[in-house]
Protein chains: 2
Amino acid sequence: MTLYKAPLDDQRFALFDVLDAETVLTRLEGGEGHTRDLLDAVLEEAGKLSEQVLAPLNESGDAEGCHYDKASATVTTPKGFKEAFKAFAEGGWAGLTMPEKFGGQALPAVMGTATTELFQSGNLAWSLYPLLSEGACHAMELHGSEEQQHLYLKPIVEGRWTGTMCLTEPQAGSDLGLLKTRAEPDGQGAYRLTGTKIFISAGEHDLAENIVHLVLARLPDAPPGSRGISMFIVPKFKVRADGSLGERNRVSAGAIEHKMGLHGCSTCVMNFDGAEGYLIGQPNKGLAAMFTMMNAARLAVGVQGLALAERALQNSLNYARERLQGRALSGPRYPDKPADPLLVHPDVRRMLLTQRAIVEASRSLVLYAALQTDIEARAKDTAERQKAGELLAFLIPIAKGVVTELAQECVKEALQVYGGHGYIVENGMEQFVRDARIITLYEGTTGIQAADLLGRKILQLKGVGFRHFLAEIEAFCKTHAADESLRGFVGPLAAGIKTWGELTLQLAQRIQANPEELGAAANDYLYYSGYLTLGYFLARGAAAAQKSHVPAPLRQAKHDTAMFYFARILPRIHAHKAALEAGVATLPELA
Amino acid sequence: MTLYKAPLDDQRFALFDVLDAETVLTRLEGGEGHTRDLLDAVLEEAGKLSEQVLAPLNESGDAEGCHYDKASATVTTPKGFKEAFKAFAEGGWAGLTMPEKFGGQALPAVMGTATTELFQSGNLAWSLYPLLSEGACHAMELHGSEEQQHLYLKPIVEGRWTGTMCLTEPQAGSDLGLLKTRAEPDGQGAYRLTGTKIFISAGEHDLAENIVHLVLARLPDAPPGSRGISMFIVPKFKVRADGSLGERNRVSAGAIEHKMGLHGCSTCVMNFDGAEGYLIGQPNKGLAAMFTMMNAARLAVGVQGLALAERALQNSLNYARERLQGRALSGPRYPDKPADPLLVHPDVRRMLLTQRAIVEASRSLVLYAALQTDIEARAKDTAERQKAGELLAFLIPIAKGVVTELAQECVKEALQVYGGHGYIVENGMEQFVRDARIITLYEGTTGIQAADLLGRKILQLKGVGFRHFLAEIEAFCKTHAADESLRGFVGPLAAGIKTWGELTLQLAQRIQANPEELGAAANDYLYYSGYLTLGYFLARGAAAAQKSHVPAPLRQAKHDTAMFYFARILPRIHAHKAALEAGVATLPELA
């Protein structure tokens, strides 16, 4: 079985030393109680649940998978998943960040992100059930009527029910404007939904009494394309006014998908055969409503990359310590043993440090982004709220697109450290590679993230969030300009962001002349932005590690990780710069 | 089911236009008959076998896998594998490159490489059975006595038996010096072998009457480490002097591995319980004997990268043509359809061109390397033979290390083109990703290839092959210096190889001062070398496409692919240069 130990010290360092989360959070509206002591205690409990309940089910859940019974159209989840969900619900985790009026604990979003990392490291497949519920809750919190919130949101917060998001159809993936599911008024205030949705995570399962589907569909008079999409609540079991379960609704799983990984997560084809549904939010504004949850959903997928990479790193580091093979190049390091541990080989350390740098930088990035969510929602100052929202919008495609892509590299290197043993199922590393492969695809592929960053966040929104972020990095560089120990980071960072700004302007001009240039540059612009962003957070980590309370070995480790990154990973920006400057002429038409 | 069409035109272009293989081969000893007509006919037949027999079993073989029966210690291969092997044997493919005296067809090694690409694209898991046999044949051809060759080699060439290579043990992977399997003389000229081997591809199966294991083991008086290893022939069934099968030998499969992919290939734990074996070659020279086959084995694994990437490319290109999703950035290209095909998106073309460039360059590289095998074996001039051997030795770690690594990127991008549909088993793309993940591990991990390139081929052998290769590229650049249409390639190539030479010298000095620097630089040196090597072959492709008989669209395509590569892939050398110059100080010790 693979190891997993909740990386609480690393999380605390990122939260409290790098990001100063206690200061930020306690200044917010209603945040007086969000002290380090409280947050520490929450992390500790989440870590226990992940280590003791979720992590042990990760490999068994993958091996067993979900089972679909055609006759009853029901799905059985792997052994232990139901009990784990019960423990999760009883611990109050389902409503961690939800308002108290729905039975939630009203903790900051950043704590949702930090605990989600722990749960996802423990068991990514399992963690999708509550994650989808969280998305559905946010949608109902923002767009539902009071009655809808009472009937459908509260039971999810209490951990009795779960939720889904039903978007994709066979012909409508990235392009949701193509969706066809119809919603016809039933004359009594409700609607009859007919159509087929695919790739519906947690669409059917045995963890909860009821499932609340949030479904995108078209009203009869809806305009074509993405402006004619509305959102509906479609419960698996209809719900009586008193909250008790009524008859079975006409929505059911037609199949579950056979996937490369995430076998413990039931990914369903959902058939709506005149299912009863209730409009949520405004007619024809469903896509916009869905997109209000997109930041949270995409950030959570970025966290999945971090979570998988963290666990893969823990295991490959442990293997490199224990596996004896070969001798150090400068002579045996442990002459009394038959061979030296893998860790003596510089190239093995390169593979481990690559993972460590990406993991640590990614953690600071996603927690920073989550903090912006809290600031946007609850800062006392309007301007501060707005700025946080703009920063968040800018960082989301980076946190999703780049962290998930670099997570592929991390799990690949982790497996590679094992040599041939990495390919063997029982060693557990190949599961991380299989599980990770979905995260660059769902909630918007990397191409979609890249287009969002360059097309929407930079061009449409005139780079407002980008300018905040650049200013922040500039200020960091200025503050630490004279710091000898950060010299290797501040210089390249300052140079990098100068070029980043120039490239952005050049691209904007080029795209104005030919919109195809957007598609030709977006991917490399995303990576360019991502590598600088991660470098910034590692430099902040090295700076934060200088605080007097940080033990010397940790200080050294943070410095070393940043040094590794700046010397060996950040130079990739030069390759991406060349590629993004190459233009659409280098991507000729293909027959 | 995934598509596969044997890329015969691309193979012919690489062989005859880029590499001028007909001229090279017909000049060799015994090569008079190796005309283009003959070679074309061989390719055509191999293509048919792959398309019609092997390719249709690829997904079913993965789904079914191999089954191990504990009671009989036997392995059943997936449905159809046995019949496919029969067709392969009857077609004479088992002895394609083996001497006529053993029943082979004595075709050039380059034809073995070209047909192996086709078979591996069709069905990588299946193709490992004959591939391992080929390795065993080469070992017996080079090191076996005449009697051994007659008894054990000939039946494999005839396709009646298969062979294996038994190297790895639980504690001895990359470090074979640690192996423990013992071979005790039985007093009658034979030996009794005792020990456990793991990861033995094709170790047990139902495709053939007998299996000839080539086993590394220690004689009782052997010195410790890698200088005390001998090689033995251990047949599954003992063989009588007349070639008929005798009693069952005491070697058996104790289990088969559960692997990430290659499910159709039986990867066995082999138990030797006093199995009868026969020394092949000199005592204590087994490792050296095994290494004489290493070039061929590693090249074949490089070809696996090419083969998987080729098939993944064919499928993702087809999907991008057919899947309608979104609109072109500059306005609808097919306004009468509900959406434009994916191919209109520049970022999708980037993913496809990345694959195409790597596939085409890799194909030229592996065929070029294989041609050196032929020249080394059969050139009439001694100096020419030696030079070819030196070039080959230099290129092997690149052809293995870089082609297999970039194949990971290719299959990843191919899956990515499919979006979420790529994650679904039935679409077949995820199998390519799973199957591909082994090739950077077996026959020496990428780290081993990198150390071989920098440590052995550059430093120990004083870069003799490297200098031949540099001189060849320099000559190419000089020949085409004035060619306007190649300007974008010749300039960067000339600059790149100049830096390559300088970096190599600097590294040699630095490693002399501290051997740990070898391990710190090797991986990035491998990539640096690989990207330039692939660039050279794409530039040669663009130059070859100018020949008058090449149709204009093909000429344009070859130019476009090279242009894409030089603009968007080759700049990665700058990142690798920075990393390899960073030194071991940036890879600090890890606790």
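The values are calculated or read from the model by the stated rules, or taken from the named source; none is laboratory data. Quantities reported herein were computed from a predicted structural model and do not represent experimental measurements. Every residue, glycine among them, receives a Cβ derived from its backbone with ideal geometry; neighbour counts consider all protein chains shown. The protein model used for the area step is the full one, side chains on, heavy atoms only, and it has no ligands, DNA or RNA in it. Shrake-Rupley method; radii C 1.70, N 1.55, O 1.52, S 1.80 Å.
If the condition is being touching a Lys or Arg at 6+ places or on another chain (Cβ under 9 Å) and among the hydroxyl-bearing types (Ser, Thr, Tyr), then the range A:217-255 contributes A:230, A:252. In the set (1) within 20 Å of the chain's Cα centre (by Cα); (2) modelled with pLDDT of 95 or more, residue A:294 fails one condition alone, (2).
Working carefully through the options A:48, A:79, find the one that is in a loop (DSSP other than H, G, I, E, B), on the phi < 0 side of the Ramachandran plot and among the charged types (D, E, K, R). First the steps, then the outcome.
Details: A:48 fails: in a loop (DSSP other than H, G, I, E, B).
Selected residue: A:79, the only one of A:48, A:79 that is in a loop (DSSP other than H, G, I, E, B), on the phi < 0 side of the Ramachandran plot and among the charged types (D, E, K, R).
One residue stands out among those in the range A:328-358 that are basic (Lys, Arg) and touching a helix residue (DSSP H, G or I) at 6+ places or on another chain (Cβ under 8 Å): the one that is farthest from the other protein chains (Cβ to nearest Cβ), which is A:333. Could you check how many residues of the range B:146-176 are of a type in the set (D, E, K, R) and open to solvent by less than 40 Å² (accessible area, probe 1.4 Å)? Qualifying residue count, the range B:146-176: 2. For the residues B:160, B:192, the requirement of being over 30 Å from residue B:223 (Cβ atoms), among the basic types (Lys, Arg), assigned by TED's automatic domain parsing to the domain that holds residue B:88 and in contact (Cβ under 8 Å) with a residue 60 or more places away in the chain singles out B:160. Inspection of the range A:569-583 identifies at least one residue that is facing chain B (nearest Cβ under 8 Å), closer than 19 Å to residue A:360 by Cβ and either open to solvent by 20 Å² or more (accessible area, probe 1.4 Å) or not β-branched (Val, Ile, Thr) (or both). Taken residue by residue, the range A:239-255 has no member that is surrounded by 17 or more Cβ atoms within 10 Å (Cβ to Cβ) and within 25 Å of the chain's Cα centre (by Cα). Counting only helices (runs of 4 or more DSSP H) that sit completely within the range A:363-455, those holding 2 or more residues that are open to solvent by 20 Å² or more (accessible area, probe 1.4 Å), more than 9 Å from chain B (Cβ to nearest Cβ) and on the phi < 0 side of the Ramachandran plot correspond to A:382-417.
Restricted to the range A:303-346, and to residues there that are assigned to a helix (DSSP H, G or I) and in contact with a strand residue (DSSP E or B) (Cβ under 7 Å, 6 or more places away or on another chain), the residue that is least open to solvent (accessible area, probe 1.4 Å) is A:320. Of the residues contained in the range A:63-71, one or more are found to be under 22 Å from residue A:162 (Cβ atoms), small (Gly, Ala, Ser) and assigned to a loop (DSSP other than H, G, I, E, B). When the range B:17-39 is filtered for residues that are more than 17 Å from residue B:369 (Cα to Cα) and of a type in the set (A, V, I, L, M), the ones remaining, listed by number, are B:38, B:39. Among the residues making up the range A:513-565, those that are closer than 20 Å to residue B:586 by Cβ and of a type in the set (Lys, Arg) are A:540, A:555, A:558. Among the residues of the range B:529-559, write down those that are within 12 Å of chain A (Cβ to nearest Cβ) and either farther than 21 Å from residue B:479 by Cα or without any contact (Cβ under 8 Å) to a residue 12 or more places away in the chain (or both). Residues satisfying the conditions are B:531, B:553, B:554, B:556, B:557. In the range B:97-206, counting only strands (runs of 3 or more DSSP E) that sit wholly within it, the ones holding 3 or more residues that are of a type in the set (Ser, Thr, Tyr) and away from every other protein chain (no Cβ under 14 Å) span B:191-201. Candidates in the range A:1-37 are the residues that are part of a helix (DSSP H, G or I) and aliphatic (A, V, I, L, M); of these, the one that is nearest to residue A:473 (Cα to Cα) is A:18. Just give me the residues in the range A:105-133 being within 20 Å of residue A:21 (Cβ to Cβ) and not polar (S, T, N, Q), in sequence order. The answer is A:106, A:107, A:108, A:109, A:110, A:111, A:112, A:114, A:117, A:118, A:119. Taken as a whole, the condition of being over 30 Å from the mean Cα position of the chain (by Cα), crowded, with 22+ Cβ neighbours inside 10 Å and away from chain A (no Cβ under 14 Å) does not apply to residue B:300. Per the conditions (1) of a type outside the set (S, T, N, Q); (2) over 18 Å from residue B:357 (Cβ atoms); (3) open to solvent by less than 20 Å² (accessible area, probe 1.4 Å); (4) away from chain A (no Cβ under 13 Å), the sole criterion not satisfied by residue B:524 is (4).
Only helices (runs of 4 or more DSSP H) whose full extent lies in the range A:477-591 are considered here, and the ones with at least 3 residues that are within 25 Å of the chain's Cα centre (by Cα) and within 22 Å of residue A:349 (Cα to Cα) are A:516-544, A:552-568. Just one of the listed residues (A:295, A:210) is among the polar types (S, T, N, Q), crowded, with 17+ Cβ neighbours inside 10 Å and farther than 29 Å from residue A:67 by Cβ, namely A:295.
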